[in-house]
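Accompanying notes for the structure given below.
Every read-out reported here was derived from the displayed coordinates using simple, explicitly stated rules and does not represent laboratory data. Predicted model, so just to flag it, every value in this text is computed and none were measured. Quick reminder, even Gly has a Cβ in these numbers, built from the backbone with ideal geometry, and neighbours come from all protein chains shown.
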């Protein structure tokens, strides 16, 4: 990751690394804007608090709750499965994009999803405390 400003010396070092990398081979270099991904505490809260409370309240498994809420939030698509059936799966999840490639939500996007989960639970009579209220 390069700083937003004063990065000339970092770029010179990076250029030297690239010149020395895999001599005689083609090299793919990708540059993209830095995004702060969701944090481990955010994941622990979603799985260990929000999904657990919903699971305990409804009797559904954590994975089923996650899939259902991802469909509600991100939308769903039909997927063919054995037996000539189709099922609805999420367009994306908190860790994969619509093509199934790894694409972790940013911290802000993840917080928005968690707020959606809390609102969903509240509409169904289930209280999920805010992350700061959990010890």
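Show the residue pairs that are 6+ apart or on different chains and have beta-carbon atoms under 7 Å apart, the first residue being within the stretch 86-105 and at positive phi and touching a residue at least 12 places away in the same chain (Cβ under 8 Å), the second being outside any strand (DSSP E or B) and surrounded by fewer than 13 Cβ atoms within 10 Å (Cβ to Cβ).
Qualifying pairs under 7 Å: none.
Answer with yes or no whether residue 100 is surrounded by 14 or more Cβ atoms within 10 Å (Cβ to Cβ) and over 16 Å from residue 45 (Cβ atoms). Working first, answer last.
Working: surrounded by 14 or more Cβ atoms within 10 Å (Cβ to Cβ): no; over 16 Å from residue 45 (Cβ atoms): yes.
When the stated conditions are applied, residue 100 does not pass them.
Of (1) in contact with a helix residue (DSSP H, G or I) (Cβ under 8 Å, 6 or more places away or on another chain); (2) within 30 Å of residue 4 (Cβ to Cβ), residue 115 satisfies all except one. Which?
Every listed condition holds for residue 115 apart from (1).
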